[in-house]
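The values are calculated or read from the model by the stated rules, or taken from the named source; none is laboratory data. Everything quoted here is computed from the prediction, not taken from an experiment. Don't worry about glycine lacking a Cβ; one is built from the backbone with ideal geometry, like all the others, and counts go over all protein chains shown. The area values use the complete protein model at the heavy-atom level, side chains included, leaving out ligands, DNA and RNA. Shrake-Rupley method; radii C 1.70, N 1.55, O 1.52, S 1.80 Å.
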Amino acid sequence: RPRIFSGIQPSGGLTLGNYLGALKRFAALQGGEAETVYCIVDLHAITVWQDPEGLRQRIREAAAAFMAAGVDPEQSVLFNQSQVSAHAEMAWLFNTVARVGWMYRMTQFKDKAGKNAENVSLGLLAYPALMAADILTYQATAVPVGEDQKQHLELTRDIAAKFNHDYGVNHFPITEPLIEGVATRVMSLRDGSKKMSKSDPSDASRINLTDDADTIAQKIRKARTDADPLPGQVDGLKDRPEARNLVNIFAALTDETPDAVLARFEGQGFGAFKPALAEVAVEAMAPITRRMTEYLADPAQIDAILARGADRADAIATPILDRTKDIMGLLRRP
Ligand code: TYM
């Protein structure tokens, strides 16, 4: 059975971007042809400083968010990366395959390191090798992600190809990115040229999965837009990134095409569109926020679910890791 893998960092509160670009699609992919394996990537999160108590809380929050968004820990394997040691081991093996230059070219590294590239953690530079390890330790063939992860997935393909070539094997699949739908790049509510992000200093730029109905409505009301009426089709939104973003969010929330949404709002302004968007956003998000709170009321149960997920993940990962060591000439304990 083919396998789908994806992960989310527990490095801050999750946003509507994470929900529409990732979590909602993770849930939708369950029960299909492929087995679904979903991971909270805490080892990635600690490539930048995380307060330990806060990190523990956010790992559980991320687990609650997965389940609240519809990821079923029976249908999918849902677990925490650091509890399955194969990820860190495979990442080391890949550190010997990947080239340093590949890492320096990553735009996410350049953005995060800024002018300070000599002083960031070594883990931040090696981050994509760990990500390749996440995926390839399950021999996953498809990875649903938002647009911002595309370059990392290309590097995963490069690592798989170089490993297969260097060792003369056909061991790792060349993974396909699944970057599909209208919400693969949800933009900031304050600036249509920046993606919605948990690390944006302005809270008004994003909708958090923990925002209540009033906050969501207020953020949408205050979202930056232009003064023109809406066109009947998306072609008419070409140079209007903020308007385009709000229409895309609407369409992703209601599982429609942007054209279908615009057909209803043609000729109307944001005075009419924003309240309608706030309504569909609250309707979609309120049950998720409520279920998250319910899960978080019982942290011991979350820990038990993650432990069970880690056992299942281990069972898939260990034989693939062992085989990788064999190929590389490492001796295993008899
Ligand atoms: P992370 O934690 O930044 O984001 C998790 C997922 O949410 C998507 N996403 C968005 N989608 C649409 N619009 C947005 N504004 C938006 N913001 C975030 C991301 O594309 C991602 O799919 N490196 C990864 C985590 C990771 C991973 C993996 C992913 C580690 N190992 C293996 C896939 C497979 C990351 O930092 O995602």
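Taking 7 Å along the Cα-to-C-beta vector as the label spot, tell me the residue 92-residue 202 distance in nanometres, rounded to one decimal.
Taking the two extended label points, one gets 4.6 nm.
Computed from the mean reciprocal separation of all distinct C-alpha pairs, what Kirkwood hydrodynamic radius does the chain have, in Å?
21.0 Å
Measuring from a point 7 Å past the Cα of residue 272 along Cα-to-C-beta, which residues in the range 224-245 have an amide N at less than 12 Å?
229-232
Report, to two decimal places, the Cα Rg of the range 152-267 normalised by 2.2 N^0.38 Å (N = number of residues).
1.44
Which value does Rg/Rh take for the range 1-93 over its C-alpha atoms, Rh per Kirkwood?
Working: Rg = 13.3 Å, Rh = 13.7 Å.
For the range 1-93, the value is 0.97.
So, in Å, what gap is there between the alpha-carbon centers of the range 272-298 and the range 1-18?
For the range 272-298 versus the range 1-18, the Cα centre distance is 19 Å.
Please list, in chain and number order, the residues 5+ apart from residue 194 or on another chain whose amide H is under 5 Å from its amide H, with Hs placed from the backbone.
188
When N counts the residues of the range 262-308, how does its alpha-carbon radius of gyration compare numerically with 2.2 N^0.38 Å, as a ratio?
Values: Rg = 18.2 Å, N = 47, 2.2 N^0.38 = 9.5 Å.
That ratio works out to 1.91.
Under a Cβ-only charge scheme (Lys and Arg +1, Asp and Glu -1), can you give me the dipole magnitude of the chain about the Cα centre, in debye to the nearest 20?
The calculation lands at about 680 debye.
Roughly speaking, what is the centre-to-centre gap between the range 210-247 and the range 167-185 when only Cα atoms are used, to the nearest Å?
The range 210-247 and the range 167-185 have Cα centres separated by 32 Å.
Have a look at 73, 27, 321 and report the one farthest towards the positive end of the charge dipole of the chain, computed about the Cα centre with Cβ charges (Lys/Arg +1, Asp/Glu -1).
Farthest towards the positive pole: 321.
Quick check: residue separation of residue 226 and residue 107 times 0.36 nm, minus the Cα distance between them. What number comes out in nm?
39.8 nm
Where both residues lie in the chain, what percent of DSSP beta bridges are antiparallel, nearest 5?
Counting only bridges with both partners in the chain, antiparallel ones make up about 10 percent.
Return the single residue from 108, 139, 301 with maximal mean-square fluctuation; model: Gaussian network over the chain, springs between Cα atoms under 10 Å.
Looking only at 108, 139, 301, the biggest GNM fluctuation is shown by 301.
Please report, as a whole percent, how much of the solvent-accessible surface of the range 203-294 comes from carbon and sulfur atoms (probe radius 1.4 Å).
So the carbon and sulfur contribution to the accessible surface is 49 percent.
For helix 86-95, report the angle its Cα long axis makes with the longest principal axis of the Cα atoms of the chain; keep it between 0 and 90° and round to the nearest 10°.
Compared with the principal axis, the helix lies near 80 degrees.
Can you work out the accessible area per residue across the chain, with the rest of the protein chains kept in place, probe 1.4 Å, in square angstrom?
46 Å²
Accessible area of residue 99, 1.4 Å probe, to the nearest 10 Å²?
Spelled out: residue 99, probe radius 1.4 Å, area about 110 Å².
Compute the separation of the alpha-carbon centres of the range 39-94 and the range 253-268 and state it in Å as a whole number.
Cα centroid to Cα centroid, the span is 36 Å.
Any idea what angle helix 52-68 forms with the longest principal axis of the chain, computed on alpha-carbon atoms, 0 to 90 degrees, nearest 10?
For 52-68 against the chain, the angle is about 70 degrees.
Leaving ligands, DNA and RNA out of it, work out the accessible area of residue 121 with a 1.4 Å probe and give it in Å² to the nearest 10.
50 Å²
Once you compute Rg and the Kirkwood Rh from C-alpha atoms, what is the Rg to Rh ratio for the range 203-294?
Using only Cα positions, Rg/Rh for the range 203-294 is 0.98.
Label points 7 Å out from Cα along the Cβ direction at residue 33 and residue 308: separation in nm?
Result: 2.9 nm between the two label points.
Treating only the Cβ of Lys, Arg, Asp and Glu as charged (+1, +1, -1, -1), what charge dipole size does the range 53-94 show about its Cα centre? Round to the nearest 20 debye. Don't skip to the end; give the middle numbers.
Details: 3 positive and 5 negative charges, 28 e Å.
That gives a dipole near 140 debye.
Can you pull the percent of the range 96-184's accessible area that's carbon plus sulfur, 1.4 Å probe, other chains left in place?
Of the solvent-accessible surface of the range 96-184, carbon and sulfur hold 50 percent.
Would you mind working out the magnitude of the charge dipole of the range 163-299 relative to its Cα centre, with +1 at each Lys and Arg C-beta and -1 at each Asp and Glu C-beta, to the nearest 20 Debye?
Numbers: 17 positive and 22 negative charges, 89 e Å.
Its charge dipole is roughly 420 debye.
Towards the positive end of the charge dipole of the range 203-294, with charges on Cβ (+1 Lys, Arg; -1 Asp, Glu), say which of 280, 253, 216 has the farthest Cα.
About the Cα centre, the residue reaching furthest to the positive side is 216.
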